[in-house]
Amino acid sequence: MSNANTEGLTANTLQAFKFLQQRAAKDGIELKIASGFRSIERQTKIWQRKNAPDYVFDVAGTKKKASELTDQQWLNCVMEWSAIPGLSRHHWGTDIDVYDAAALPANYQIQLTPEEYQPGGPFEKLGRWLSFYVDEQRTEGFFRPYRTFRGGVQPEAWHLSYKADADLALDRLIAQAPRDVIPLAEIRGGAAIANQLDSIIQRYVVDVDQ
């Protein structure tokens, strides 16, 4: 199997993914990475796109006009679905978004939405497989940090994290000055983020499923 989107992953994460991929293949799942390592610059572009076009989604999935929201209201909407640049787990080289290439319908564009991994979705089989082999068995050392909603990031059934290296990366982030890695002056909501950074880190970075 090819291993696209593996650039930037830690050696341990990549090796563990290859083993996980082989295990999935035995069950007819072609496990591939939709998104792996992501630079702060790339995350900044993703973040800024939430301000143009002029809408964001709230926790209920309802469209809201970004131009009609205060920075704090806008921030509350965006943080449910996207990580602040500098605080994304994808910066660590330990986290990957996965899908089943064998289950892709013709000309299908992957959305990475909860519905795709639920009953009736194209990745329903993968969703069940991950529930057993990752959530219960911790196969190859992976876990799903956003398996359930804990008051921060919305559930991401597709998001896997290699725990040993991710725990070290989190420790490094907390030990340094997190505000120094966030481009606060470049992004919408920067001032609001700076004013509540400690609580944001606790809610959206530290308090994840284990």
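Computed from the coordinates by the stated procedures, all read-outs in this text should not be read as laboratory data. Predicted model only: the values in this text are computed from it and were never measured. Cβ atoms come from the backbone with ideal geometry, glycine included; neighbour counts cover every protein chain shown.
Just so you know, the Cα atoms of the stretch 103-185 work out to an Rg and Dmax of 16.0, 47 Å.
With Cα atoms defining each centre, the stretch 115-144 and the stretch 10-49 are spaced 14 Å apart in the structure.
Here the spin labels are modelled as points 7 Å beyond Cα on the Cα-Cβ line, and at residue 7 and residue 149 they lie 3.7 nm apart. Annotation: extensible slack from residue 176 through residue 23 equals 51.4 nm (criterion: 0.36 nm per residue apart, minus Cα-Cα distance). 3J(HN,Hα) couplings calculated from phi for the stretch 158-163 with the Karplus curve 6.51 cos²θ - 1.76 cosθ + 1.60 (θ = phi - 60°) are, in sequence order, 8, 8, 10, 9, 7, 4 Hz; Gly and Pro show x. By other beta-carbon atoms within 10 Å, ranking 96, 33 with the fewest at the front produces 33, 96.
Working from label points 7 Å from Cα in the Cα-to-Cβ sense, the residue 107 to residue 125 distance is 2.3 nm. Modelled this way, with points 7 Å down the Cα-to-C-beta line, the labels at residue 196 and residue 30 are 4.4 nm from one another. Backbone N atoms of the stretch 104-127 closer than 20 Å to the 7 Å Cα→Cβ label point of residue 60 belong to residues 114-115.
Among 181, 56, a tally of other beta-carbon atoms within 10 Å of each Cβ gives an order, fewest to most, of 181, 56. Placing +1 on the Cβ of every Lys and Arg and -1 on the Cβ of every Asp and Glu, with no other charges, gives the chain a dipole of roughly 160 debye about its Cα centre. Remark: 82, 199 ranked as 199, 82, counting other beta-carbon atoms within 10 Å and listing the fewest first.
Scaling against 2.2 N^0.38 Å puts the C-alpha radius of gyration of the stretch 11-206 at 1.05. Placing +1 on the Cβ of every Lys and Arg and -1 on the Cβ of every Asp and Glu, with nothing else charged, gives the stretch 1-53 a dipole about its Cα centre of roughly 180 debye. A simple rule links phi to the HN-Hα coupling: the Karplus curve 6.51 cos²θ - 1.76 cosθ + 1.60 with θ = phi - 60°, which for the stretch 67-75 gives 5, 9, 9, 5, 4, 5, 4, 4, 4 Hz, with x for Gly and Pro. Using a cut-off of 22 Å between Cα atoms, the listed pairs 45/65; 18/125; 45/125 include 45/125 as exceeding that distance.
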